[in-house]
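Have a look at the structure below before the remarks.
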Amino acid sequence: MSTSPSFGSPPPKVLDEGISPVPPSPSASPLWLPEAQQDAWRAILRGPAEGAPLIALHYGDSHTQGAFLTRALRDELSAPSAPRSLAEPSPGFVHQGHPHSWGGEVALSGHWIRQNWIYRGDQGPFGPLGISFVTQDRRAEVSLTLDNPPAVQHAQVTLFYVDEPGRLGFCVRALPDPEQVERAERRQAKLTEAPRRYEAHFHPSTELERSVHSELEADLSRGADSEGEGSSQLEGEQRSGEQGGLEGSNVPPADQRSSLQELLSERGRCVSPAHTDEQERQTTSLKTLTLSLPPRHLLRLTTQGGLSIKDQDIKRWRRARERARKRRRGKRAQAKSAPRPDLIKPNEGRLRVLGFHVRYPDASIEWSALGVRGARVHSPAQRHAGSIDTLVTVAQPNLFVLWFGTNSAASESINLTRYERDYRSLIHSLKTSAPQAMCLMITAPDFGRRDRTCYLNSRERRALKRRRRTAWARQTLAEHRSARVCDPDSLLNMRKRGRHRYPVPEVRTQRQWEAYQARCQFQTPTLVAELTELQKRVAHEEGCAVYDTLSAMGGEGSIQRWACAEPSWAQLDLVHLSVAGYEALGAHIARTLRYELGLSERPPPPLSPPLPPAVKED
């Protein structure tokens, strides 16, 4: 067991082109645990097997948004309580598109404006995830469907919304969900298959296991597409034909009912419009509404009142937004950013929905994956406006997980003093809200950078210069992408001589080609190592466990080995991991935790991508 913050030294920084995916050399454990807190850590990890739920809030960036690492981490920590089949965990906090395929789905219909706390132009308040949706449309709806909730007990659902002057009224009702049984069967099959899949990442052997990788890669691609749109169309019954009510014993206290001005009717549970008194015009607060969702039901929120927004108004708004976007990224853009056209009218009523927290009564583990693409530690540390504290009050977690650093390390320059202040501020905010919770810091993984035009021929460079990526441009740039990353020498046309042999126009001889390869070597940004050391030092001083991802991967330069392995553990952008890489990393963190705490006698397998299959000789 490790009792001191000692870490292995990483390999050299420079990544060699065409490097073979060999396992890294053995080093010290990448995990450090405070010695005084190891008993508390054992109690938390034993909880799922002993009837005490493990409740975690996991904040991060795009590495967390896909939820592949968090899913493996969650499933591995809950596996001892159900060795043969994994019980359905509580989804925790969910919102539209976040996280992807997490046991439920939030769908929006009507016209909504998406607000994100990572964009300084977007106005809050923001939800615990950092995303909120605002509407003034009288036809707007929000639906929450669950894949595999308890078959007998009611699920507890907490709606997060903003109570402000001029807020639209809304009603929430439970409607029958005839497709839930079919989704539950598919979901249970994935849960029971998960332990075998995680083990296969370390020891792949069959074609069946490789087909699982391909299927999950397709899921990852679909999850990335869900980030781009702010709303989705929901098919279902017309509002006039819907009927249903909410049942259960989870009724808010009397003071909350009076503050929300609830009106119980045959339409469900309704909240009347907020006051617009001049003295209360500036009063804005985050509110929660807790409901019981019966089995085989979905939850649907409908607005009461609002504007009649026509489709032609939406088209006009989208054209204005596209013009503003072009002005911001154009060469002649002014120093001050172009105004962002907003469909929301300031003097009309609006409704701001921040998401749902879902809890199953008998779940042994609950993991809220709160990752947003492009997020940095600055946003949750300074722009949450109390939303994180509200989520902590509702969820009562006993574990915090933070995984930040990649977006900050990718910047050309960063104020490390400010970064450390924001990092400590977020840790203090979480520990103040739930002092009983343990904290785990995961450092940023390795990633590589080089000039975008490296190894691009004339045709591919023309595609790269296109402002709007057409299907032709995307196909052209993806045609030789694997060779450009893993084996640039394969781009040579050995049937020709002179300048026609080399793919890039500025190379004409073998000596120039070798010099060109030296210039186009991938480099790990220096800030990766600096932020890793900063995060480890802060975690040690704040009494948090820390997992050194950079060291576990094999040090600086390992991301290319991961991307060029078979099957690959990283994507060809050399920034994000693949599904297999995220799941292997999550399983390794969980197994290292249990082994370091003496809860498992089996040491974790080496975190290195498998070697490519040997070529059989004829």
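Conditions (1) touching a helix residue (DSSP H, G or I) at 6+ places or on another chain (Cβ under 9 Å); (2) without any contact (Cβ under 8 Å) to a residue 12 or more places away in the chain, marked per residue:
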residue	(1), (2)
Leu477	yes, no
His480	yes, no
Arg495	yes, yes
Ala518	no, yes
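Hey, any hits in segment 463-474 for a residue that's touching a Lys or Arg at 6+ places or on another chain (Cβ under 6 Å) and either assigned by TED's automatic domain parsing to the domain that holds Gln396 or surrounded by fewer than 16 Cβ atoms within 10 Å (Cβ to Cβ) (or both)?
no
Restricting to segment 403-419, what's the tally of residues that are over 19 Å from the mean Cα position of the chain (by Cα) and closer than 26 Å to Ala67 by Cα?
2
Testing Asn415 on (1) in contact with a Pro (Cβ under 9 Å, 6 or more places away or on another chain); (2) of a type outside the set (Ser, Thr, Tyr); (3) at pLDDT 85 or above, one condition comes back false. Which one is that?
That leaves (1) as the condition not met.
Go through (1) under 24 Å from the mean Cα position of the chain (by Cα); (2) outside any helix (DSSP H, G or I); (3) at pLDDT below 50 one by one and return the number of the condition Val157 breaks.
It fails just one condition, (3).
With respect to Val504, is the statement that it is in contact (Cβ under 8 Å) with a residue 24 or more places away in the chain, under 30 Å from Trp403 (Cα atoms) and of a type outside the set (S, T, N, Q) true?
So Val504 fails the test.
Residue-by-condition table, conditions (1) surrounded by fewer than 20 Cβ atoms within 10 Å (Cβ to Cβ); (2) not assigned by TED's automatic domain parsing to the domain that holds Ala43:
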{"site": "Leu351", "(1), (2)": "no, yes"}
{"site": "Val358", "(1), (2)": "no, yes"}
{"site": "Arg373", "(1), (2)": "yes, no"}
{"site": "Gly386", "(1), (2)": "yes, no"}
{"site": "Asp389", "(1), (2)": "yes, no"}
{"site": "Val401", "(1), (2)": "no, no"}
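Checking the conditions here, which among Arg296, Arg316 is surrounded by 13 or more Cβ atoms within 10 Å (Cβ to Cβ), modelled with pLDDT of 80 or more and farther than 23 Å from Val358 by Cα?
Arg316
Can you say whether Gln188 is surrounded by fewer than 17 Cβ atoms within 10 Å (Cβ to Cβ), assigned by TED's automatic domain parsing to the domain that holds Thr288 and part of a loop (DSSP other than H, G, I, E, B), as far as the supplied structure shows?
It is false that Gln188 is surrounded by fewer than 17 Cβ atoms within 10 Å (Cβ to Cβ), assigned by TED's automatic domain parsing to the domain that holds Thr288 and part of a loop (DSSP other than H, G, I, E, B).
Would segment 345-352 turn up any residue that is closer than 19 Å to Phe93 by Cα and either outside any helix (DSSP H, G or I) or at pLDDT 80 or above (or both)?
Yes: segment 345-352 contains one or more residues that are closer than 19 Å to Phe93 by Cα and either outside any helix (DSSP H, G or I) or at pLDDT 80 or above (or both).
List every residue pair whose Cβ atoms lie under 6 Å apart, where the two residues are 6 or more positions apart in sequence or sit on different chains, the first residue falls within segment 117-145 and is under 18 Å from Val157 (Cβ atoms), and the second residue, located anywhere, is part of a loop (DSSP other than H, G, I, E, B) and among the aliphatic types (A, V, I, L, M).
Sorted first by the residue in segment 117-145, then by its partner, the pairs are Ser143/Leu234.
The values are calculated or read from the model by the stated rules, or taken from the named source; none is laboratory data. In this text the structure is predicted, and so the values were computed from the model without any measurement. Because the Cβ atoms are built from the backbone with ideal geometry, glycine has one as well, and the counts that use them run over all protein chains shown.
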